Amino acid sequence: MAPTIPEERTRGRDVSKNDNHPQLLNIDELAQRLGITARHVRRLVAEKRVPYYKVGRLVRFDEAEISVWLATRRVPASRTA
């Protein structure tokens, strides 16, 4: 099921899902999905440790790029004998 966009973000605009445009997240949404604070997300951005887009003064994150970024940082479990 596709995530819905809260009404306060759409402001009455038609925001039907378009496959040509990536689903962008704001700082608070990314923080919630990662289970970290918005402050920590801002720090990751400042240190350029997370992929992001600048739209004017706004910072946005592509869901697909974040998924790839997370996958590349996965640490496999060690085997205990």
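The values are calculated or read from the model by the stated rules, or taken from the named source; none is laboratory data. Quick caveat: nothing in here was measured; it's all calculated off a predicted structure. The area values use the complete protein model at the heavy-atom level, side chains included, leaving out ligands, DNA and RNA. Shrake-Rupley method; radii C 1.70, N 1.55, O 1.52, S 1.80 Å.
Between Gln32 and Val68, what length comes free when the chain is fully extended (0.36 nm per residue of separation minus the Cα-Cα distance, one decimal in nm)? Walk me through the intermediate numbers first.
Working: separation 36, 0.36 × 36 = 12.96 nm, distance 1.76 nm.
Extra length from Gln32 to Val68 when fully extended: 11.2 nm.
Summed over the residues of the range 18-81 and divided among them, the accessible surface reaches 79 Å² per residue at a probe radius of 1.4 Å.
Across the range 40-81, counting alpha-carbon atoms alone, Rg and Dmax equal 14.0, 53 Å.
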